[in-house]
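Chemist: Could you have a look at this structure, given as structure tokens, before my questions?
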Amino acid sequence: MFRELQEQIAYKAAEYGIRVELINPVFSSETCSKCGYQSSTNRDKETGWFACNECGYEVDGDYNAVKNVGLRFLSLPLSKRPDRLGHGLAGPEVGDVERERHI
């Protein structure tokens, strides 16, 4: 299913002349997007919650993984980045997505 989504995105992007650059997501869900510490125990396998064992950063695990993929994209040389990145409208504020864990 994920492969089908990738193909559909590439197809639609090509319609608009947008180049797609695939980012390897390996270890993105285990790596802290704040300090870079990577460990399989950073993410709770039952709840998906991410809590860094090094710096203590806590956030939804999927959000942390997406941040890591975004950071990898930003580390690409400019020549590898797509030149058209969308409509330029702001997305949700970080505070809208990040939240403190209430026990």
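Every number here is computed from the coordinates shown, using simple stated rules; none is lab data. Just so it is clear, the structure is predicted and the values come from calculations on it, not from any experiment. FYI the Cβ positions are ideal-geometry reconstructions off the backbone, even for glycines, and counts take in every protein chain you see.
Chemist: Kindly state, to the nearest 0.05, the FRET efficiency for Gln6 paired with Cys35, given R0 = 25 Å and r defined as their beta-carbon distance.
Modeler: Numbers: r = 30 Å, r/R0 = 1.18.
Efficiency, rounded to the nearest 0.05: 0.25.
Chemist: Can you give the extra length, in nm with one decimal, that the chain gains between Tyr63 and Val20 once fully stretched, where that is 0.36 nm per residue apart less the Cα-Cα distance? Don't skip to the answer; put the middle values down first.
Modeler: Working: separation 43, 0.36 × 43 = 15.48 nm, distance 2.12 nm.
Length difference between fully extended and current span is 13.4 nm.
Chemist: Another question about this same structure. If you rank Asp62, Asp44 by fewest surrounding Cβ atoms within 10 Å, what's the result?
Modeler: Details: Asp62 14, Asp44 11.
Listing Asp62, Asp44 from fewest to most nearby Cβ atoms yields Asp44, Asp62.
Chemist: Rg (Å, one decimal) plus Dmax (Å, integer) for the alpha carbons of the stretch 1-61?
Modeler: For the stretch 1-61, the Cα radius of gyration and maximum Cα-Cα distance read 15.7, 44 Å.
Chemist: Follow-up question, since we're still on this one. Can you give the FRET efficiency to the nearest 0.05 for Asp44 and Leu76, using r as the Cβ-Cβ distance and R₀ = 30 Å? Walk me through the numbers before you get to the answer.
Modeler: On the way: r = 30 Å, r/R0 = 1.01.
That gives a FRET efficiency of 0.50.
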